[in-house]
Amino acid sequence: MRKKLVMAVALGVAAAMTASCSGTQTQAQNPSTVHAQARPSPDTPTNTPASPPVEKVTAPATVDGLAPVVRKIPTDKPYVFITIDDGAVKDPAALQLIRDSGAKPTLFLNSKYFKGSEDYFKALQGTGIEINNHTMTHPNLKGKPYDVQHQEICGDSDAIQQAFGKRPTLFRPPFGNYDDNTRKAVAACGMKAIVLWTAAVNDGVVQFQSGSKLKAGDIVLMHFRHTFTADYQAFVERAKQDGLTPVPLWDFLA
């Protein structure tokens, strides 16, 4: 009788432990606490998706037909934004690098570079990134007549919508050069903002317009070049070193 009682108690304890373990495995993370959590230790794997912002932020208003110019995102959160331009070199490693980083880069593409390589950029689009406007042929727009700028900008939006199924909402001027005709054309072509940058990655080195590190709200520029892998890895490591999380730019320019 005593042996049977001991066995019954043991079985009850085992069942309780099993139920407790299965409950903790299915518990969902509370999204409202994501940003309050401590940063991972250096030994924690970094190939998990970045936590998205809780709320979207509206882009500055278009005033008098002129699209706003954004160089940095005002935020008190430890967020940084990666943008990738042109599309000239299609590095086969880009897809896995972007997936592993968990970042959601904003691509600013020229239609002269993505035409004929739509499948490559569609695969990148499948990771959750957005494709935006960088003109059709990458000219220096500053000083050019409005009609010329309008054709370059709207033409790229048309090509992106046809190729990737979504019309761009953001614009980056080639070389960072623009004037009021650019701002008018960007607004007329249906985009919300002109996006510049505060840091850039070249030859595997992050370069800063001011200071010696990335700061919250920085917009980082890189390109589809032969150095893509080194550049992207340099950005990811620098963001981690400076305590910043890469998040989608479009969530802050909605």
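What follows draws every value from the coordinates through simple rules; no lab data is involved. Treat the numbers as computed from the prediction; the structure is a model and nothing was measured. Backbone-built Cβ (ideal geometry, glycine too); neighbour counts: all protein chains shown.
Residue count for region 184-222 satisfying the condition of being surrounded by fewer than 19 Cβ atoms within 10 Å (Cβ to Cβ), over 16 Å from the mean Cα position of the chain (by Cα) and among the hydrophobic types (A, V, I, L, M, F, W, C): 3. Among the residues of region 115-151, what is the count of those that are without any contact (Cβ under 8 Å) to a residue 24 or more places away in the chain and either surrounded by 21 or more Cβ atoms within 10 Å (Cβ to Cβ) or of a type in the set (D, E, K, R) (or both)? Number satisfying all stated conditions: 2.
Between a first residue in region 57-79 that is among the aromatic types (Phe, Trp, Tyr) and a second residue that is loosely packed, with under 15 Cβ neighbours inside 10 Å, which pairs have beta carbons less than 8 Å apart while being 6 or more apart in sequence or on different chains? Correct list of pairs: empty, since none qualify. When region 166-191 is filtered for residues that are among the charged types (D, E, K, R) and more than 11 Å from GLY65 (Cα to Cα), the ones remaining, listed by number, are LYS166, ARG167, ARG172, ASP179.
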